[in-house]
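Notes follow once the structure below has been shown.
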Amino acid sequence: MPDTKGSRIVTHYDSQYYSNAKDWYHSKYGKALQKLRRSVIEGIMGQAKAYHGMARAKFRGINKVEIQILLTATALNLKKMVKMLDTKKVKSSIAEKISYIMQTGYNIFKRLTIRFAI
């Protein structure tokens, strides 16, 4: 009797799992997720490879590579956070300047109406 402990299950391309995955991939939900992947995840992975050294592992061993991946992901998230904070700061700065310009225009208009009313 063969030992089944630790044995693998081998699936073939025509198995039920393959057809289920293929059906899911070609479903409306699967197509939407693939579009999202192309636009979001592939860009992030490309940036990690190009600018953050993820094209090759710097160290040996699963634990050290995992640390490298987590540090790279942290750096990318921090860059996104800084970009978001700067956007909010710029928007509030623009809103303050527009408000100041409008108030100045109102004050000039008020002075002109008072001056010509006399």
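Every read-out reported here was derived from the displayed coordinates using simple, explicitly stated rules and does not represent laboratory data. Quantities reported herein were computed from a predicted structural model and do not represent experimental measurements. Cβ placement follows ideal geometry from the backbone for every residue including glycine, while neighbour counts extend to all protein chains displayed.
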Worksheet item: Rounded to the nearest 500, what is the chain's calculated 222 nm mean residue ellipticity when only DSSP H runs of at least 4 contribute -39500 (n - 2.57) each, over all residues?
Response: -25000 deg cm²/dmol
Worksheet item: Hey, with R₀ at 35 Å, roughly what FRET efficiency would Ser92 and Asp23 work out to, going by the Cβ-Cβ distance, to 0.05?
Response: 0.10
Worksheet, complete the sentence: Looking only at lysines whose Cα falls under 18 Å of Lys35's and that sit 8 or more positions away or on another chain, we get Lys22
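Which value, in Å³ per residue, describes the convex hull spanned by the Cα atoms of the chain?
Values: hull volume 26.2 nm³, N = 118.
Cα-based convex hull of the chain, divided per residue, equals 222 Å³.
Set the Förster radius R0 to 30 Å, insert the Cβ-Cβ distance between Ser39 and Phe59 as r into 1/(1 + (r/R0)^6), and round the FRET efficiency to 0.05.
E between Ser39 and Phe59, to the nearest 0.05, is 0.45.
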Practice prompt. Using only alpha carbon positions, build the gyration tensor of the range 12-56, then give the equivalent ellipsoid semi-axes as the square roots of 5 times its eigenvalues, largest first, whole angstrom.
Written response: 30, 15, 4
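Classify the range 31-91: rounded, prolate or oblate, from the alpha-carbon gyration tensor (a ≥ b ≥ c, eigenvalue square roots; a/c under 1.5 rounded; otherwise prolate if a/b is larger than b/c)?
Numbers: a/c = 2.70, a/b = 1.37, b/c = 1.97.
Note, shape of the range 31-91 comes out oblate.
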Item to complete: Using the Karplus curve 6.51 cos²θ - 1.76 cosθ + 1.60 with θ = phi - 60°, work out ³J(HN,Hα) for each residue of the range 104-111 in order, rounded to whole Hz, and write x for Gly and Pro.
Response: 5, x, 4, 4, 5, 4, 5, 5
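Treating only the Cβ atoms of Lys and Arg (+1) and Asp and Glu (-1) as charged, compute the dipole magnitude of the range 12-56 about its Cα centre; round to the nearest 20 debye.
Numbers: 8 positive and 3 negative charges, 44 e Å.
About 220 debye.
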